[in-house]
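Worksheet: one structure, shown below.
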Amino acid sequence: MKLKSLLLRYYPPGIMLEYEKSGELKTKSIDLLELGPSTDVSALVEEIQRAEPLLTASRTQQVSLLVQRLQEKLRQHSDHSFYLFKVLRAHILPLTNVALNKSGSCFITGSYDRTCKLWDTASGEELHTLEGHRNVVYAIAFNNPYGDKIATGSFDKTCKLWSAETGKCYHTFRGHTAEIVCLSFNPQSTLVATGSMDTTAKLWNIENGEEVCTLTGHLAEIISLAFDTSGNRIITGSFDHTVAVWDASTGRKVFTLIGHCAEISSALFSWDCSLVLTGSMDKTCMLWDATNGKCVATLTGHDDEILDSCFDYTGKLIATASADGTARVYSAATRKCITKLEGHEGEISKISFNPQGNRLLTGSSDKTARIWDAQTGQCLQVLEGHTDEIFSCAFNYKGNIVITGSKDNTCRIWR
C-alpha cells in the first residue's frame, strides 16, 4: 500500500487518504469528530498515526498542518452576524421549497407555478427556469457535493433530473401513482430516491433514467426520506407512524422502527451511521440504534407536534423544533436536554445547525428566522422582514450565508 495524497474534509472534520493498493487507487477517511478549537494537535496526530500505518513518521508535520487547518475552519464564521443582502420575488404563485448548492453560490426554488428556478446567490439573478412539470413542483434538491444536477419532484407524479449548468432536462422518472413529496440524491450521485403519497419510495438510476427498485411496505404516504453517509442505506418516514430502513442496493427492508404513535415528520441518520433520529406528531423524538433497529431513547419535553429534527455534523447534538414555538437541544450521548430555545411567537417548522455546530437556525410561522447559540440557547439574532410565515431556511456549507423562504412569496439572502 502506498499513500498518494492527503485531502481535507472540513465539515465534519476529517482527513481523506488516497492510496494505491495492488495497482488500484482507493480512498479512506479518518473522522476527527471530537476535534475542537482547543484540541492538543501533537497528541491527536500521535493518536492518528498509531491507528493508521499509512501515515508514517515522515508525514507527521503534514498531518499536523492539516489538523491545524481543520481547527481554523471550526473557528471561522462561527460568530458571523447576518445582514439582509437581497430580497427575491421568486415566483408569482406560492413557493414550496428552497435549497442551496454546497458552496452556496446558487440556490433553487420550487413553486405552485409548476416551475423550479435556479438563482445566483451573489447577484440574485435568475439563471434558469426549469419548465416541464404539469403540476406543483414540491420537492427539490441539488446532487451535493457536486451540484451539477437538480432533481424536482412534483404533484404530477413525476420526478425530473436537470443540468444545473444548462437547465436542460436529462430524464423524467415516471412510475409513481400519486404526488411526489420528498426526494434525495445518494452521496455518490448515482441514484435519486423519491417518496410519494402512493405509500412507496422508488430509486432511479441517474445515468440511464431507469427505475432501479420500489420500496414497498408502508401503509400511508411517505413524507420523509434520506440516505446515510455511505449511501448503502435509505430511511423513509411515513404517515403510518413507522419508519423503515432499507438496503439501497437491493431495495430490501432491513428494519421497521415501530414506537411512535402518530405521523412521522422527520427521519435521518447520524453522520457515522450509528444512530437514527425520528420526529413525530406525537410530540416526541426517538433515537434508534441503526445496527439493530432498537429504540435507545425517547426525547420528551415538547408540548406539541415535532415538526423538524436534526443532528449536528458530528452527531453529538440533536435539535428539535416544535409546534409549541420552542426548540430544544439534546446530547446524543446522554439523551438529556441541554438547552431550550425560547422566543418565537409561533410554531417552528425548520431547524438546522451551522457546519461548525455552535449555532442553530430556526424558521417560524411568526415570520422570523432566528440564530441561536447551540450550547446556551441564547437568541443571537432575529432575521426580520418577511411578511408571512417562513417554511424553509438553510445555511450554506461554510455557515456564512443563510437563505429563507416564506409564504410571502419571497426568498431572502442573508450574509
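About its Cα centre, what dipole magnitude does segment 6-81 give when the only charges are +1 on Lys and Arg Cβ and -1 on Asp and Glu Cβ, stated in debye to the nearest 20? Each step should come with its number before you reach the end.
On the way: 9 positive and 11 negative charges, 35 e Å.
Here the size comes out at about 160 debye.
Setting aside same-chain residues fewer than 8 positions from K398, which lysines have a Cα under 21 Å from its Cα?
K73, K86, K102, K149, K316, K350
Listed highest first by mean packing, meaning other Cβ atoms within 10 Å per residue, what order do 302-309, 164-171 come in?
Numbers: 302-309: 20.5, 164-171: 14.9.
Sorting 302-309, 164-171 by mean packing, highest first, produces 302-309, 164-171.
Given labels modelled 7 Å from the Cα in the Cβ direction, how far is it in nm from A51 to I338?
Modelled inter-label distance: 2.0 nm.
So how far apart, in nm, are the two label points at A43 and T177 if each is 7 Å from Cα heading toward Cβ?
6.1 nm
Just name one of G385, A226, A248: the one whose Cα is farthest towards the positive end of the charge dipole of the chain (beta-carbon charges, Lys/Arg +1, Asp/Glu -1).
The Cα lying farthest towards the positive end belongs to A248.
Contour minus end-to-end for T300 and D120, with contour as 0.36 nm per residue of separation and end-to-end as the Cα-Cα distance?
Details: separation 180, 0.36 × 180 = 64.80 nm, distance 4.08 nm.
Fully extending the segment from T300 to D120 adds 60.7 nm.
Between L299 and residues 5 or more places away or on another chain, which pairs have amide H atoms under 5 Å apart, with H built 1.01 Å from N, and which residues are they?
Those qualifying (amide H under 5 Å, at least 5 residues apart or on another chain) are C285, M286, L287.
May I ask you to derive the relative contact order of segment 183-272, considering only C-alpha pairs under 8 Å and at least 6 residues apart, and to give it as an integer percent?
Details: 236 pairs, mean separation 20.3, N = 90.
Relative contact order, segment 183-272: 23 percent.
If I compute solvent accessible area with a 1.4 Å probe over the protein chains, what percent of it on segment 288-331 is carbon and sulfur? Intermediate results must be reported in sequence, preceding the final value.
Working: 630 of 1440 Å².
Answer for segment 288-331: carbon and sulfur cover 43 percent of the accessible area.
Leaving out ligands and nucleic acids, note down the accessible area per residue over segment 175-247 with a 1.4 angstrom probe, in whole Å².
Details: 2420 Å² over 73 residues.
Solvent-accessible surface per residue comes out at 33 Å².
To the nearest 0.05, how large is the calculated FRET efficiency for E18 and T250 if R₀ is 25 Å and r is the Cβ-Cβ distance? Provide the component values of the computation, followed by the final result.
Numbers: r = 29 Å, r/R0 = 1.18.
Approximately 0.25, to the nearest 0.05.
Taking the Cβ-Cβ separation of Q375 and S58 as r and a Förster radius of 41 Å, what is the calculated FRET efficiency to the nearest 0.05? Kindly include the intermediate steps, with their values, before the conclusion.
Details: r = 39 Å, r/R0 = 0.96.
Calculated transfer efficiency: 0.55.
Over segment 300-367, what is the mean sequence separation of C-alpha contacts under 8 Å (at least six apart), divided by residue count, expressed as relative contact order in percent? Present the calculation step by step, with values, prior to reporting the outcome.
Values: 164 pairs, mean separation 19.4, N = 68.
About 28 percent, as a whole number.
Report, to the nearest whole %, how much of the accessible area of segment 88-151 belongs to carbon and sulfur atoms, 1.4 Å probe, protein only. It would help to have the intermediate numbers written out before the result.
Working: 1230 of 2690 Å².
The C+S portion of the solvent-accessible surface of segment 88-151 is 46 percent.
What does the C-alpha gyration tensor say about the overall shape of segment 319-415? Classify as rounded when a/c is under 1.5, otherwise prolate if a/b is larger than b/c, or oblate. Let's see the in-between values first.
Values: a/c = 2.16, a/b = 1.41, b/c = 1.54.
It comes out oblate by the Cα gyration axes.
Please compute the contact order of segment 81-180 in relative form: average sequence separation of alpha-carbon pairs under 8 Å and at least six residues apart, divided by the residue count, as a percent.
Values: 240 pairs, mean separation 18.9, N = 100.
Normalised by residue count, the contact order of segment 81-180 is 19 percent.
First select every other residue whose beta carbon is under 13 angstrom from the beta carbon of V212; then total the charges, Lys and Arg +1, Asp and Glu -1. Numbers along the way, then the final one.
Details: positive: K202, R252; negative: E207, E210, E211, D247.
Around V212, the surrounding residues sum to -2.
Let me know the charge dipole size of the chain about its Cα centre in debye, to the nearest 20, where only the beta-carbon of Lys, Arg (+1) and Asp, Glu (-1) is charged.
On the way: 41 positive and 47 negative charges, 190 e Å.
Computed charge dipole of the chain: roughly 920 debye.
For the chain, what is the calculated [θ] at 222 nm in deg cm²/dmol (nearest 500), taking -39500 (n - 2.57) for each run of four or more DSSP H residues and dividing by its residue count?
-2000 deg cm²/dmol
Out of T339, S280, Y313, whose Cα points farthest toward the positive end of the dipole of the chain (charges: +1 Lys, Arg; -1 Asp, Glu; placed on Cβ)?
Y313
With the Cα gyration tensor of segment 1-48 in hand, give its eigenvalues times 5 under a square root as the equivalent ellipsoid semi-axes, listed largest first in whole angstrom. Show your work: numbers first, answer last.
On the way: eigenvalues 119, 28, 10 Å².
Result for segment 1-48: semi-axes of 24, 12, 7 Å.
Which value, in debye to the nearest 20, gives the size of the charge dipole of segment 205-319 about its Cα centre, when Lys and Arg are +1 and Asp and Glu are -1 at the Cβ? Let's see the in-between values first.
Working: 6 positive and 16 negative charges, 85 e Å.
The dipole magnitude comes to about 400 debye.
Calculated from the structure, Cα extents along the principal axes in Å equals which of (1) 61, 48, 47; (2) 76, 55, 43; (3) 98, 54, 53?
Among (1) 61, 48, 47; (2) 76, 55, 43; (3) 98, 54, 53, the one derived from this structure is (1).
The values are calculated or read from the model by the stated rules, or taken from the named source; none is laboratory data. Every value quoted in this text rests on a predicted model; they were computed, and no experiment measured them. Positions of Cβ are backbone-derived with ideal geometry, glycine not excepted, and every protein chain shown enters the neighbour counts. Keep in mind that these areas ignore ligands, DNA and RNA; they rest on the heavy atoms of the full protein, side chains included. Shrake-Rupley method; radii C 1.70, N 1.55, O 1.52, S 1.80 Å.
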